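Below is one structure, written out as structure tokens; comments come after it.
The values are calculated or read from the model by the stated rules, or taken from the named source; none is laboratory data. Everything quoted here is computed from the prediction, not taken from an experiment. We place every Cβ from the backbone using ideal geometry, glycine too, and count neighbours over all the protein chains shown. These accessible areas exclude ligands, DNA and RNA; they are computed on the full protein's heavy atoms, side chains included. Shrake-Rupley method; radii C 1.70, N 1.55, O 1.52, S 1.80 Å.
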Amino acid sequence: MARTRSSSSKWRFCNPSYYLKRPKRLAFLLVTFVCVSLVVWDRQTLLREHEDELAKLNSEVVRLRSLIEEVNDKPQNSIAKVHVEAKKEVDDPIDAERREKVKEAMIHAWSSYEKYAWGQDELQPQTKGGINSFGGLGATLIDSLDTLYIMGLDEQFQKAKEWVAKSLDFNKNYDASVFETTIRVVGGLLSAYDLSGDKVFLDKARDIADRLLPAWDTPSGIPYNFINLVNGRPHNPSWTGGFSILADAGTEQLEFISLSQRTGDPKYQQKVENVISQLSKSFPDDGLLPIYIDPTEGKASHATITFGAMGDSFYEYLLKVWIQGNKTSAVKHYREMWEKSMEGLSSLVRKSTPSSFTYICEKSGDSLTDKMDELACFAPGMIALGSSGYDSEDSKKFLTLAEELAWTCYNFYQTTPTKLAGENYFFHSGEDMSVGTSWNIMRPETVESIFYLWRLTGNKTYKEWGWNIFQAFEKNSRVESGYVGLKDVNTGVKDNMMQSFFLAETLKYLYLLFSPTSVIPLDEWVFNTEAHPLRIVPRNEEGGYPERSDEKRKPYIRLRSRKEGRSD
């Protein structure tokens, strides 16, 4: 456009005939230099105008070449589906750059664990040592398997797989949490199996699940929350008064159903589905259960109702088992129970003053407490994920609720000096939110909901929120030997623990937030509560599975960005 507009003026000096009658050679040379400069300037202008388009096209060519190379290098693998489809999505350069930053954070966290705590449960970065907070089951290593695989960190994944095959031993005289062991270890191993197709992970998952099974041998089938991995003796902690915890008893369904699907042995699925059958017999009209359940009679006790600690993931799994079961009639009762619970959740929703932050109260008897855990920030993502199962009016209502709750959870971060959230918040009239318990252990729940809302709405604002949270972790939690939590989000004083879920969940959800939506698509995978993606297996209306699930699993092709090289 600039060239056309100025053709009558600037370009007339570039005609040699203009100088034939003017024997001023020096002037001719000078003007020639000016003309050449104009040509260069014009080309640079055109290049700048198309710089964005060229960058995107170049990124796409590199990404497609990487995919072709990967398929050609592994001809023995029959790939069912390439999850990055160029014709559907173009990898945004800003997303690719941010994804690389998250991947580098994972490399920093993992290499620190590998150097100072290899094979132990968790790293203590400040003192550069390890701690076996889960009985020495290699929690961080197993929790990180699928994150390593999805990020394309092949060398690290292969080394971790070798440790699982040769060193992972569950024969330990240790009273394991059935809940924590299921979501981290069983879930992590099954996800690694679904992604890589390597049967060593399935065999190990079956080994640990068999050791957990006696926990369900109660009069009601409601499991005890702890079990010794050697002698199989289950029990509940004394501080619960002998009761089982709701979230602990109702958050094994995804993993154990998946294990039955993949092994062909129904015993795992039968144990965990019986729990839901028992709870459904006395399920309240508002769908809200107290956090303590009697394992003898299978009934709820009188205790706090919350979507935070000890209640949260029970409600999450009601929805996700319905998704895992292909939304068929065989799992319809899960969806029905979940919808009742969402009506109950709606009755606990309040708005703060003066800023109208939407939050979820806790309930004890007939009284409400204006308190919300950061743990409850999984709820916006859950609600958004389930909103599509309603009719159009209710779908819009619940999606709006999800978005409002997510805004509150994001502000849990933004309202502190460190821009990291405290563990819980209180809401007082005229004061909006204030931090209660002020430590931060790098939890994933808010990032999880941001990821779901981005996937389900396409609103890029959620990517900016996620990026801001990631930068706050980089500024406040990154140390020389990994990442640590904060003892106080107001002062920024650091603790000495790198929680395994930081690698399993927080970094994984951030990486996927900046990845194309076809990476771990939500219609093919369902995430357990520890962010381990499990492949959705076709399920018929009667609840059976048409495939033999112990067949050789086909590995999943991972995304390789424009900056990623091959390591295999």
Checking PHE398 against (1) open to solvent by less than 20 Å² (accessible area, probe 1.4 Å); (2) out of contact with any Asp or Glu (no Cβ under 8 Å at 6 or more places or on another chain); (3) under 21 Å from LYS281 (Cα atoms): exactly one of these is not met. Which one? (3)
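Condition check ((1) under 25 Å from THR182 (Cβ atoms); (2) open to solvent by 10 Å² or more (accessible area, probe 1.4 Å); (3) part of a loop (DSSP other than H, G, I, E, B); (4) of a type in the set (Ser, Thr, Tyr)) across all residues:
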| site | (1), (2), (3), (4) |
| --- | --- |
| VAL102 | no, no, no, no |
| ILE107 | no, yes, no, no |
| SER111 | no, yes, no, yes |
| LEU123 | yes, no, no, no |
| GLY130 | yes, yes, no, no |
| PHE134 | yes, yes, yes, no |
| LEU141 | yes, no, no, no |
| SER144 | yes, no, no, yes |
| GLY152 | no, no, yes, no |
Can you tell me which residue in segment 529-539 is nearest to the chain's Cα centre (by Cα), limited to those that are β-branched (Val, Ile, Thr) and open to solvent by 10 Å² or more (accessible area, probe 1.4 Å)? THR529
Residue pairs meeting the criteria (Cβ under 6 Å; at least 6 apart or on separate chains; first farther than 15 Å from VAL349 by Cα, in segment 367-387; second among the hydroxyl-bearing types (Ser, Thr, Tyr) and open to solvent by less than 10 Å² (accessible area, probe 1.4 Å)): GLY381/SER449; GLY381/TYR452; ALA384/TYR452; LEU385/TYR452
VAL185 passes all but one of the listed conditions (1) assigned to a helix (DSSP H, G or I); (2) over 30 Å from GLN278 (Cα atoms); (3) touching a residue at least 40 places away in the same chain (Cβ under 8 Å); the exception is number (2)
Would you check which residues across segment 274-289 are touching a residue at least 40 places away in the same chain (Cβ under 8 Å), open to solvent by 50 Å² or more (accessible area, probe 1.4 Å) and not polar (S, T, N, Q) and list them? ASP285, ASP286
For segment 112-146, give me the residue count where each residue is under 21 Å from the mean Cα position of the chain (by Cα) and over 24 Å from ASN173 (Cα atoms). 4
Number of positions in segment 305-339 that are touching a helix residue (DSSP H, G or I) at 6+ places or on another chain (Cβ under 7 Å), among the charged types (D, E, K, R) and farther than 19 Å from TRP525 by Cα: 1
On the given criteria, is ALA192 farther than 20 Å from GLY325 by Cβ, buried (at least 24 other Cβ atoms within 10 Å of the Cβ) and among the aliphatic types (A, V, I, L, M)? yes
Please give the number of the condition ARG335 fails out of (1) modelled with pLDDT of 95 or more; (2) open to solvent by 60 Å² or more (accessible area, probe 1.4 Å). (2)
Give all pairs with beta carbons closer than 9 Å in which a residue from segment 327-343 that is at positive phi meets a residue that is part of a helix (DSSP H, G or I) and open to solvent by less than 70 Å² (accessible area, probe 1.4 Å); count only pairs at least 6 apart in sequence or on separate chains. LYS327/ARG335
Tell me yes or no: at least one residue of segment 379-387 is under 23 Å from SER438 (Cα atoms) and surrounded by 21 or more Cβ atoms within 10 Å (Cβ to Cβ). yes
If we keep just the residues of segment 157-183 that are of a type in the set (Asp, Glu) and over 21 Å from THR529 (Cβ atoms), which is surrounded by the most Cβ atoms within 10 Å (Cβ to Cβ)? ASP175
Only one of ALA309, ALA303, ALA330 that is open to solvent by 10 Å² or more (accessible area, probe 1.4 Å), closer than 20 Å to ASN528 by Cβ and in a loop (DSSP other than H, G, I, E, B): ALA309
What tally of residues in segment 345-366 results from selecting those that are more than 18 Å from GLY250 (Cα to Cα) and either without any contact (Cβ under 8 Å) to a residue 12 or more places away in the chain or in a helix (DSSP H, G or I) (or both)? 5
